[in-house]
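Take a look at the structure set out below.
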Amino acid sequence: MTTELLPADTAMGAVTLWVADMDSMIRYYREGVGLELISQEGSRAILGFKALPIVILEHKPEMRHAGPREAGLFHTAILFPTEAALAQAVYSVAQKYPHTFTGSADHLVSKAFYFNDPENNGVELYWDRDRSEWSWAHGSIEMDTIFLDPNQFLREHLTEGSVDADKKVGHVHLSVGSIPAAEEFYVSMLGFEKTMNWGGQALFVSAGGYHHHMAMNTWRSKGAGRRQLALGLGNVQIKLDEMGQIEEVKERLDFHDHQAQLSEIDLITEDPWGNRVTLTTTKGN
């Protein structure tokens with residue numbers, strides 16, 4: 001066997017969403033969240049920051065909407081470098097899409113604001129505290145859910161004029177049917193490190209000591225089986241530096257008899273619930 005962990009500089013790439021109404025979804029992520037429309041061709045639109053894709057929309061009007069208790073996307077979490085940049089995005093979504101706000105929280109490691117896009121895909125907009133301020137105990141990151149007043153946050157951090165700040169996918173949170181099965185796939189097979197198990201109902205995993213690059217919970221999907229084709233999550237992208245690192249993941253998946261397709265540019269596999277995961281290099285999109 002090769003090394004059992006993903007490299008420390010592993011990062012999340014774009015999240016692909018299968019959507020019914022392309023125009024309304026582009027407007028939400030462009031005019032609300034503040035992403036740029038990088039390209040649009042046929043049934044596919046790429047939104048992000050400068051040349052970095054963050055959300056990829058694929059038009060699938062023939063598909064049904066997923067049920068609320070099915071496995072799939074819980075939220076795509078977009079990371080902002082400053083509280084001022086986060087405040088601008090939160091204010092923009094709240095002003096233009098006021099009924100999409102679902103909550104906010106101080107998680108000790110971060111401050112987060114939650115929304116649902118027009119097709120009910122979860123969206124988190126967040127900012128990280130410096131790693132020196134994070135606490136670990138017995139190998140687990142210390143996180144909490146503390147009330148964060150959105151109006152007070154905006155009063156303290158919203159500035160006049162636009163803030164052209166880097167943004168990227170910080171983490172991806174999934175709804176799954178089983179936490180032990182999620183740990184087997186995302187930790188034992190893919191190679192993430194477990195950073196927290198929240199009461200047996202949520203698992204947080206990362207590479208390189210981040211609080212989490214991915215999370216999985218059973219809050220509304222406990223016992224869910226494999227997904228049927230439906231609107232919502234199309235693909236989760238994970239970025240590594242080199243193909244050699246991706247080949248190591250393929251070796252682990254082979255060791256566990258888990259199916260995966262390896263090409264010259266990426267590796268495509270599925271978790272136990274049919275959520276597609278693609279590992280690609282940072283040299284690609």
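Yes or no: E183 closer than 23 Å to M143 by Cα and more than 15 Å from the chain's Cα centre (by Cα)?
yes
Count, please, the residues in region 200-221 that happen to be touching a helix residue (DSSP H, G or I) at 6+ places or on another chain (Cβ under 7 Å), in a loop (DSSP other than H, G, I, E, B) and buried (at least 19 other Cβ atoms within 10 Å of the Cβ).
1
Considering A181, A230, A224, which residue is surrounded by fewer than 17 Cβ atoms within 10 Å (Cβ to Cβ), of a type in the set (A, V, I, L, M) and not in a helix (DSSP H, G or I)?
Criteria check complete, one pass: A230.
For A137, indicate whether it is small (G, A, S) and either open to solvent by less than 20 Å² (accessible area, probe 1.4 Å) or in contact with a helix residue (DSSP H, G or I) (Cβ under 7 Å, 6 or more places away or on another chain) (or both).
Considered against the rule, which asks whether it is small (G, A, S) and either open to solvent by less than 20 Å² (accessible area, probe 1.4 Å) or in contact with a helix residue (DSSP H, G or I) (Cβ under 7 Å, 6 or more places away or on another chain) (or both), A137 comes out as no.
Of all residues in region 184-199 being part of a strand (DSSP E or B) and either polar (S, T, N, Q) or closer than 18 Å to L279 by Cβ (or both), which is least open to solvent (accessible area, probe 1.4 Å)?
Ranking the candidates gives T195 first.
Quick one: Q88 ticks every box in (1) open to solvent by less than 10 Å² (accessible area, probe 1.4 Å); (2) touching a residue at least 24 places away in the same chain (Cβ under 8 Å) except a single one, so which number is it?
Status for Q88: all satisfied but (1).
Can you name the number of the only condition in (1) surrounded by fewer than 15 Cβ atoms within 10 Å (Cβ to Cβ); (2) within 22 Å of D21 (Cβ to Cβ); (3) of a type in the set (A, V, I, L, M) that L125 fails?
Status for L125: all satisfied but (1).
Please note which strands (runs of 3 or more DSSP E) are completely contained in region 17-77 and include at least 1 residues that are closer than 30 Å to A202 by Cα, modelled with pLDDT of 95 or more and open to solvent by 50 Å² or more (accessible area, probe 1.4 Å).
Fully inside region 17-77 and qualifying: 52-59.
The values are calculated or read from the model by the stated rules, or taken from the named source; none is laboratory data. These numbers were taken from a predicted model, which means no experiment stands behind them. Quick reminder, even Gly has a Cβ in these numbers, built from the backbone with ideal geometry, and neighbours come from all protein chains shown. Remember, those area values only see protein heavy atoms, side chains included, never the ligands or the DNA or RNA. Shrake-Rupley method; radii C 1.70, N 1.55, O 1.52, S 1.80 Å.
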